Amino acid sequence: MNTFTKRGSYPHPVLDASDDVGSSIEVVNVTIAPSVDDVEIKFQVRMSDPDIQSLMDDGTARYSFRWTCSSTIASGELSASVHQQHVDGSTYIGWIDQQDIRGTVKVEIRIIATSQVDPYSLQNQHGDYAGASFSILPGDVLADGGFFEFEPEKRYDPLSPPVGSCFRFIADPKLKKGLKVKFFDDEHVLVAFPEKTLPGFGLLQGRPDLQISLVVLPALMQTISFIKENLAAESEGEDLSGKKWYTAVNRLVQESGSYEDNSFELAQKILGHPLDASLMKPFDGLGDE
């Protein structure tokens with residue numbers, strides 16, 4: 001769930017913790033769209049001060065969208081670009097690599113100077129300043145728009161998983177043909193290949209849709225069926241609660257449907273219908289490299 005703050009505080013000039021300028025700045029309409037590679041963040045910024053807007057229009061000031069993740073302690077500048085212009089502001093869109101974030105992400109909105117402004121004064125500044133002016137240096141914060149927070153709710157790529165994903169692909173020297181899905185490991189569902197076929201799976205790295213369709217989809221189907229069997233067995237079934245892969249798969253099932261659904265259809269939905277993607281792509285060029 002997204003949370004928002006509205007501050008409209010302008011640290012230059014500064015009297016105290018109250019607003020120093022009779023203008024407003026706020027962030028609204030935040031939407032989060034996770035994908036396999038990135039988490040898309042879209043939000044609208046409204047800012048009513050004409051003097052600061054003028055500085056932004058001529059490049060003397062700009063927005064800064066700084067993000068931090070509470071779990072990974074990663075941080076960075078969100079290189080968001082204008083997606084849509086509005087009468088009272090703009091909608092911005094940017095992306096964060098999904099492997100950099102895991103828990104609550106905080107995005108702070110500020111307007112900062114990009115070059116020196118001397119003298120600097122605003123027509124809407126607090127009356128106690130009268131006609132005073134100030135000297136602004138590059139990097140100084142002109143306006144603090146507060147922050148918003150969100151949970152990324154990202155989807156992982158089973159072929160290139162971040163920490164906590166559920167599949168691991170291994171070679172089994174005892175296996176001569178076919179694949180086997182094994183559930184004894186606490187960290188991952190193990191997908192075992194014969195030693196001679198695992199390299200062929202790797203050669204399909206240029207066609208992840210085929211990797212998912214040929215291997216991950218049936219492995220996920222079997223995993224869902226295995227969970228269903230244990231849930232149906234109740235007290236006689238294996239306790240899967242301590243396995244990290246179960247937590248990951250169970251969450252994806254809850255997001256995409258339920259265990260009442262057909263395992264094949266549910267697995268397709270979780271993986272973004274990889275069979276459709278594979279069949280809609282041409283096969284020309286496979287194996288040319």
Given a 1.4 Å probe, the accessible area of the range 25-150 per residue, as a whole number of Å², is 47 Å²
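Mind running the shape call on the range 25-150? Use the C-alpha gyration tensor, a ≥ b ≥ c as the square roots of the eigenvalues: rounded below 1.5 for a/c, prolate if a/b tops b/c, oblate otherwise. Don't skip to the end; give the middle numbers.
Values: a/c = 2.45, a/b = 1.97, b/c = 1.24.
Judged from the Cα gyration tensor, the range 25-150 comes out prolate (a/c at least 1.5, a/b above b/c).
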Note, the range 236-247: 3J(HN,Hα) by Karplus (6.51, -1.76, 1.60, θ = phi - 60°), whole Hz, Gly/Pro = x, goes 8, x, 6, 7, 9, 4, x, 9, 5, 5, 5, 4
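Percent relative contact order of the range 25-150, based on C-alpha pairs within less than 8 angstrom and at least six residues apart?
Contact order relative to length: 27 percent.
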Surpassing 21 Å at the alpha-carbon level, of the pairs Lys182/Lys228; Lys182/Lys243; Lys106/Lys244, are Lys106/Lys244
Percent relative contact order for the chain, counting Cα pairs under 8 Å at least six residues apart, stands at 15 percent
Largest-first ranking of Glu229, Glu260 by accessible area, probe 1.4 Å, whole protein assembly kept, is Glu260, Glu229
Over the range 163-280, with neighbouring protein chains present, the accessible area per residue in Å² at probe 1.4 Å is 57 Å²
With all protein chains present, the chain has a carbon and sulfur share of its accessible area (1.4 Å probe) in percent of 50 percent
Taking Cα atoms only, helix 217-233 is inclined relative to the longest principal axis of the chain by an angle, in degrees rounded to 10, of 80 degrees
Ranked output for segments 189-197, 104-112 by mean other Cβ atoms within 10 Å, highest leading, reads 104-112, 189-197
Once both label points are put 7 Å beyond Cα along the C-beta direction, the Glu238-Met280 separation in nm becomes 3.6 nm
When the charge dipole of the chain is computed with +1 at the Cβ of Lys and Arg and -1 at the Cβ of Asp and Glu, the Cα pointing farthest to the positive end, of Gly59, Ser135, Ile32, is that of Ile32
Once phi for every residue in the range 110-118 is put through the Karplus expression 6.51 cos²θ - 1.76 cosθ + 1.60 (θ = phi - 60°), the whole-Hz ³J(HN,Hα) values, with Gly and Pro written as x, are 9, 10, 10, 7, 9, 8, 5, 10, 8
The range 72-105 scanned against label point 7 Å out from Ser35 along Cα→C-beta; backbone N under 12 Å for 94-98
Expressed as a whole-number percentage, the relative contact order of the range 163-280 with C-alpha contacts under 8 angstrom and at least six residues apart is 27 percent
Quick calc, the chain, dipole around Cα centre from Cβ unit charges on Lys, Arg (+) and Asp, Glu (-), nearest 20 debye, gives 1080 debye
CD proxy, 222 nm, the chain: helix-only mean residue ellipticity via -39,500 (n - 2.57) per DSSP H run with n ≥ 4, per residue, nearest 500, stands at -6000 deg cm²/dmol
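Given Cβ point charges of +1 (Lys, Arg) and -1 (Asp, Glu) and nothing else, what value in debye, to the nearest 20, does the dipole of the range 110-266 about its Cα centre take?
On the way: 15 positive and 23 negative charges, 213 e Å.
Value, rounded to 20: 1020 debye.
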Reviewing [x] -0.32, -1.14; [y] -0.32, -1.01; [z] -0.29, -1.12, the figure for log10 I(q)/I(0) by the Debye sum over Cα atoms at q = 0.06, 0.14 Å⁻¹ actually calculated from this model sits under [y]
In this structure, the FRET efficiency calculated for Glu151 and Asp118 from their beta-carbon separation, with R0 = 30 Å, to the nearest 0.05, is 0.10
Here FRET efficiency (C-beta to C-beta, Arg62 to Thr247, R₀ 45 Å, nearest 0.05) is 0.60
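Would you mind getting me the FRET efficiency between Ile73 and Lys42? Use the beta-carbon distance for r and R0 = 30 Å, nearest 0.05. Working shown, then result.
Working: r = 25 Å, r/R0 = 0.83.
The pair Ile73/Lys42 has a calculated efficiency of 0.75.
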Inter-part gap, Cα centre of the range 210-281 to Cα centre of the range 100-146, in whole angstrom, is 50 Å
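Could you give the dipole magnitude of the range 25-150 about its Cα centre, charging the beta-carbon of Lys and Arg +1 and that of Asp and Glu -1, in debye to the nearest 20?
On the way: 7 positive and 18 negative charges, 44 e Å.
Computed charge dipole of the range 25-150: roughly 220 debye.
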For Met47, the accessible surface traced by a 1.4 Å probe with all protein chains present amounts, in square angstrom to the nearest 10, to 20 Å²
Out of Leu122, Pro274, Asn230 - ranked by how far each Cα lies towards the positive end of the dipole of the chain, with unit charges on the beta-carbon of charged residues - the top one is Asn230
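The values are calculated or read from the model by the stated rules, or taken from the named source; none is laboratory data. All values derive from a computational prediction rather than experimental measurement. Note that each Cβ is placed from the backbone with ideal geometry, even for glycine, and that neighbours are counted across all protein chains shown. Ligands, DNA and RNA are excluded from the accessible area calculation, which covers all protein heavy atoms including side chains. Shrake-Rupley method; radii C 1.70, N 1.55, O 1.52, S 1.80 Å.
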